[in-house]
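Below: one structure, written as structure tokens.
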Amino acid sequence: MRVLVTGGAGFIGSHVVDTLIKAGHQVSIVDSLWELGGGSMDNVHPQARFYRMDIRDAALDQVFEREQPEVVCHLAAQHSVKISTDMPSYDAQVNIVGLINLLECCTRAATLKIVFSSSGATYGTVEQMPITEDTCQRPESPYGITKLASEQYLRFWKGMHGLDFASLRYGNVYGPRQDPTGEAGVIAIFAHSFLMNEPVRIDWDGEQQKDYVYVEDVARSNLLALTGGGGEAFCIASGLGASVNALYRRLAELTGNEVEVIRAPKRPGDIYLTHFDCRKAREELGWEAEVDLDEGLRLTVDYFRAKLGL
Ligand SMILES: NC(=O)c1ccc[n+]([C@@H]2O[C@H](COP(=O)([O-])OP(=O)(O)OC[C@H]3O[C@@H](n4cnc5c(N)ncnc54)[C@H](O)[C@@H]3O)[C@@H](O)[C@H]2O)c1
């Protein structure tokens, strides 16, 4: 298939590109290499055609004309909760107006389907665990709101123009190529700090749990959604919660180092317990997480060790 990956120079998008090319698909990438994002030319697969372009750009039409993508995997986004709170207008420009530009291009080029990277952030604080696709979505940040609005645009667009979609709601994605200097991505930040012997910050009491899913598993969910899960949303996560303290302990073992901990209060919007029920993805998409946290942490530490030349 001909697949266009937006955000394909970024952390998750570059793994999606690798997985698609390995499976024999013809891949092109649109990515603006936004200075506050995790995109880099180092991540761009040599077999993919690369367009440095903003998804809001009118010239996106020309990329569609040239590439004639049958499916678009849409990962380009303003991806930070903090930036979305500080600059909600910018967040909506990229995540909503950019999506609409992309949808219009899809319609004009007769693209068949869009696979959308949504987020657990669309749920906000929920009353019951685990989170499923039917759990009420009440986002608590502009970022979560624009992701939820995007899901609704996809539903509307399918009804109005026949463009199929699948929305993949990721838990906390981690693994190689994640930016260790961002405000989120605790595993990348910790792995890097442990190897550099730098202190780490632990907010709240460190017992708050999140559902961490390895990036190659997430990439495989995009591959499966090229053909499966039409018109549906799926939770893509490990199904298990892990605490920040547990991450600290395991990374200390893996790196043979114990770094100083700086304690900090709970951050606004932080949720104490999160994990997902991914049965629907297993039954309807044929997807489940294959890399457990222990193995994923090892692979992540190995990646940062090599990157730092240690
Ligand atoms: N990392 C996570 O845990 C997580 C969880 C849920 C959902 N997501 C979603 O997955 C997707 C990928 O996230 P990521 O963690 O790989 O982030 P990332 O910053 O590494 O990747 C996003 C890419 O989009 C590009 N981009 C940003 N604005 C753009 C624009 N206006 N036009 C074109 N390209 C633009 C960036 O240059 C970057 O390469 C995002 O949609 C994000 O919201 C991520």
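The values are calculated or read from the model by the stated rules, or taken from the named source; none is laboratory data. Everything numeric in this text was worked out from a predicted model, so none of it was measured. Every residue, glycine as well, gets a Cβ built from its backbone with ideal geometry; the counts of neighbours run over all protein chains shown.
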Scanning the range 163-176 for residues that are of a type outside the set (D, E) and more than 12 Å from the chain's Cα centre (by Cα), which turns out nearest to the ligand (Cβ to nearest atom)? P176
Give the number of residues within the range 58-78 that are in a helix (DSSP H, G or I) and within 13 Å of the ligand (Cβ to nearest atom). 2
Looking at I12, I29, I21, I55, can you tell me which residue is touching a strand residue (DSSP E or B) at 6+ places or on another chain (Cβ under 8 Å), in a strand (DSSP E or B) and assigned by TED's automatic domain parsing to the domain that holds Q93? I29
Considering the range 166-189 alone, what residues qualify as being under 24 Å from L226 (Cβ atoms) and of a type in the set (S, T, Y)? S167, Y170, Y174
Can you name the residue in the range 261-288 that is in a loop (DSSP other than H, G, I, E, B) and under 17 Å from the mean Cα position of the chain (by Cα) and is also farthest from L224 (Cα to Cα) among such residues? T274
Looking only at the range 289-310, count how many residues are surrounded by fewer than 16 Cβ atoms within 10 Å (Cβ to Cβ) and outside any helix (DSSP H, G or I). 5
If W34 satisfies all but one of (1) surrounded by fewer than 21 Cβ atoms within 10 Å (Cβ to Cβ); (2) more than 10 Å from the ligand (Cβ to nearest atom), what's the number of the condition it fails? (2)
Give me the residue from the range 114-162 that is part of a loop (DSSP other than H, G, I, E, B) and closer than 22 Å to R220 by Cα and, out of that set, farthest from the ligand (Cβ to nearest atom). T132
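Which ranges mark the strands (runs of 3 or more DSSP E) fully within the range 178-240 that have 1 or more residues being in contact (Cβ under 8 Å) with a residue 60 or more places away in the chain and buried (at least 24 other Cβ atoms within 10 Å of the Cβ)? Outline the logic, then answer.
Values: elements: 200-203, 212-214, 232-236.
Fully inside the range 178-240 and qualifying: 212-214, 232-236.
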Scanning the range 176-233 for residues that are within 19 Å of S117 (Cα to Cα) and hydrophobic (A, V, I, L, M, F, W, C) gives A184, V213, V215, V218, A219, L223, L224, A225, L226, A233
For the condition within 18 Å of T111 (Cα to Cα) and surrounded by fewer than 24 Cβ atoms within 10 Å (Cβ to Cβ), what is the one hit in M87, M1, M53? M1
Screening P46, P69 for residues that are surrounded by 15 or more Cβ atoms within 10 Å (Cβ to Cβ) and over 24 Å from S238 (Cα atoms) leaves only P69
Residue check: is V17 crowded, with 24+ Cβ neighbours inside 10 Å, under 19 Å from S118 (Cα atoms) and more than 8 Å from the ligand (Cβ to nearest atom)? yes
Can you tell me which residue in the range 254-269 is farthest from V126 (Cα to Cα), limited to those that are surrounded by 15 or more Cβ atoms within 10 Å (Cβ to Cβ) and out of contact with any Lys or Arg (no Cβ under 9 Å at 6 or more places or on another chain)? V259
Residues that are assigned by TED's automatic domain parsing to the domain that holds E67, small (G, A, S), modelled with pLDDT of 95 or more and touching a Ser or Thr at 6+ places or on another chain (Cβ under 8 Å): does the range 190-201 have at least one? no
Taking first residues from the range 23-40 that are under 10 Å from H79 (Cβ atoms) and second residues anywhere that are more than 8 Å from the ligand (Cβ to nearest atom) and not in a loop (DSSP other than H, G, I, E, B), the pairs with Cβ under 7 Å that are 6 or more apart or on different chains are L36/I83
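Residue-by-condition table, conditions (1) of a type in the set (G, A, S); (2) over 19 Å from A237 (Cβ atoms); (3) touching a residue at least 24 places away in the same chain (Cβ under 8 Å); (4) crowded, with 20+ Cβ neighbours inside 10 Å:
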position: L75; (1), (2), (3), (4): no, no, yes, yes
position: H79; (1), (2), (3), (4): no, no, yes, yes
position: I100; (1), (2), (3), (4): no, yes, yes, no
position: S117; (1), (2), (3), (4): yes, no, yes, yes
position: K147; (1), (2), (3), (4): no, no, yes, yes
